[in-house]
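Below is one structure, written out as structure tokens; comments come after it.
The values are calculated or read from the model by the stated rules, or taken from the named source; none is laboratory data. Because the structure is a prediction, the values reported are computed rather than measured. Don't worry about glycine lacking a Cβ; one is built from the backbone with ideal geometry, like all the others, and counts go over all protein chains shown. With ligands, DNA and RNA removed, areas are computed over all heavy atoms of the protein, side chains included. Shrake-Rupley method; radii C 1.70, N 1.55, O 1.52, S 1.80 Å.
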Amino acid sequence: MDRIKVRLINYTPRPLETVTWAALISYWDKWESEAFERTTKSDVEKHLPKVLSYGHESILEHAVFTFAIEGCSRVCSHQLVRHRIASYTQQSHRYIKLNPQDIEETFLIPESIKEKPKLYEKWKKLMKDAIELYKETCGDDIHQEDARYILPQAVRTKIVVTMNLRELKHFFGLRTCERAQWEIREVAWKMLNEIAKVEELRPIVQWAKLGPRCIQLGYCPEKDLMPKGCFKRTREKWSKIAEI
């Protein structure tokens, strides 16, 4: 059962109109602030794809998107926060005491481990022991900010992520690639899918080529480092999302 949940919570109102209006300042001598209210979908379709095709992407920074991510591991969130041009607010184990349910609810265990029954049992035992020691530590009048040191990186977390559209393109380029670690890759594809599901946002997926770098560049920059057939698989996967 998939327990990693990603939702697009909020974004700049009329984001495509905003970046189009911003783009016009550079070459429209009659540009004015009031022109934003007059910017239409037709204006967007006329100007934005052309501007982006020239590689002028700074305008994308004027549209901002906020996502809620639940159920990913601390391994994943540590990778996520490496993308520095973004804002993050994460569930605190200093202020929130972990309330363990079952192992699967509390920790994210890779499928590669689950496929090996003996190893999987050892993982579950280790995590059960970690939970018991955590609870014992908290129950011995020690604050959870110290008890949390025993928790494995596999512990599930919640995090709010806000990125501008230009940084999202960079993020997708790296993290939807098949070479990315499986969990951050899953989160990235779900974030991209959240954008593509919104009718007013869907065109920007194609116009800005939001997706893996092979989609952005038209070729695979990782070359022989990539698994066989990934270029075809990735293009097919991206095409389905871009045409939702």
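Annotations
- Residue count for segment 147-183, restricted to those that are in contact with a helix residue (DSSP H, G or I) (Cβ under 7 Å, 6 or more places away or on another chain), charged (D, E, K, R) and assigned to a strand (DSSP E or B): 1
- Counted residues, segment 53-88 - those being farther than 27 Å from E186 by Cα and open to solvent by less than 40 Å² (accessible area, probe 1.4 Å): 1
- Taking segment 130-170 as the range and being closer than 23 Å to I184 by Cα, among the aliphatic types (A, V, I, L, M) and touching a Cys at 6+ places or on another chain (Cβ under 8 Å) as the test, only I159 passes.
- Of the residues in segment 235-243, at least one is touching a residue at least 24 places away in the same chain (Cβ under 8 Å) and open to solvent by less than 10 Å² (accessible area, probe 1.4 Å).
- Residue, nearest to F171 (Cα to Cα), within segment 21-65, restricted to residues that are assigned to a helix (DSSP H, G or I) and of a type in the set (S, T, N, Q): S58
- From L48, L24, residue being modelled with pLDDT under 95 and buried (at least 16 other Cβ atoms within 10 Å of the Cβ): L24
- Leading residue by the ranking (nearest to D43 (Cα to Cα)) among those in segment 185-215 that are assigned to a loop (DSSP other than H, G, I, E, B) and either open to solvent by 10 Å² or more (accessible area, probe 1.4 Å) or basic (K, R) (or both): E200
- Matching residues, segment 63-85, being without any contact (Cβ under 8 Å) to a residue 24 or more places away in the chain and closer than 24 Å to V19 by Cβ: R84
- Lone unmet requirement of (1) within 28 Å of R74 (Cα to Cα); (2) at pLDDT 95 or above; (3) loosely packed, with under 15 Cβ neighbours inside 10 Å for L225: (2)
- Residue count for segment 57-92 satisfying the condition of being over 23 Å from T106 (Cβ atoms) and touching a Leu at 6+ places or on another chain (Cβ under 9 Å): 11.
- Any hit, segment 117-129, residues being part of a helix (DSSP H, G or I), over 27 Å from M191 (Cβ atoms), open to solvent by less than 30 Å² (accessible area, probe 1.4 Å) and touching a Ser or Thr at 6+ places or on another chain (Cβ under 9 Å): yes
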